[in-house]
Amino acid sequence: ARRDVGAGSAPPDRSDCAGGCVVAVPFPLGKALDRGALFGVNRFTGKGAWRVAATGNGFGPHAPAVLNGDHAYVASEDCYVYDVSTFTGQLLWKANAGGSLDGVAYCGGSVWIMSGQLERRSATDGSLTGVFQPGSRLTSNLSTDGARVYVTGYNGVYAVACQ
């Protein structure tokens, strides 16, 4: 069933939403994408709580947002990684990663994104703090056990220490 999903307006007719939902405790549902916006939905009422416009012509994560406290980190196909307050929808920062992004993780106090290479970014401002390039393309979303970030690629599975 389709519901009101963003600042009082339903999404355009294009298949509602893409990407996975993330439940942010205690209240909004952080949901990524619908034709140019990241939005939060009150999970109790189904009403739109906030909406953040995306950069460029499109916005669409392959993977759900990752939560850390009040922060929702979203890696998007519009070449940006976003940090949005799950409670207010305030855009805390966005950083251009130079290419479409396929995954996001939070580990070791940093935001990790996958764009064919694995990048470590500052959770404070999104600045690039490290890169892992195994010599072949990386292809999966990211997983973490809190100590390492895991990603697969053409030549195998890689585990990279978060610190």
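The values are calculated or read from the model by the stated rules, or taken from the named source; none is laboratory data. Because the structure is a prediction, the values reported are computed rather than measured. FYI the Cβ positions are ideal-geometry reconstructions off the backbone, even for glycines, and counts take in every protein chain you see. Accessible surface is based on the protein model in full, side chains and every heavy atom, while ligands, DNA and RNA are left aside. Shrake-Rupley method; radii C 1.70, N 1.55, O 1.52, S 1.80 Å.
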> Based on the Cβ-Cβ distance from LEU91 to TYR154, what FRET efficiency comes out when R0 is 30 Å, to the nearest 0.05?
Replying inline: 0.30
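Quick one: net charge around SER100, please, counting Lys, Arg +1 and Asp, Glu -1 for every other residue with C-beta under 12 Å from its C-beta.
Net of charged neighbours comes to -3.
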> How much net charge surrounds SER115 when only other residues with a Cβ under 14 Å from its Cβ are counted (Lys, Arg +1; Asp, Glu -1)?
Replying inline: -1
>> Heavy atoms of the protein only, probe of 1.4 Å, neighbouring chains included. What is the accessible area of THR124 in Å², nearest 10?
In response: 120
> Hey, what did the range 44-149 get for relative contact order, percent, Cα under 8 Å, at least 6 apart?
Replying inline: 19
> What are the residues whose amide H is under 5 Å from the amide H of GLY103, where those residues sit 5 or more places off or on another chain and H is modelled from the backbone?
Replying inline: MET114
> Using modelled backbone amide H atoms (1.01 Å from N, in-plane), which distant-in-sequence or interchain residues come within less than 5 Å of LEU92's amide H?
Replying inline: ASP83, VAL84, SER85
> How many nm separate the modelled label positions at SER140 and ASN42, each set 7 Å beyond the Cα in the direction of the Cβ?
Replying inline: 4.0
> Taking 0.36 nm per intervening residue step and subtracting the Cα-Cα distance, what contour gain separates ASN68 from GLN163 on full extension?
Replying inline: 32.5 nm
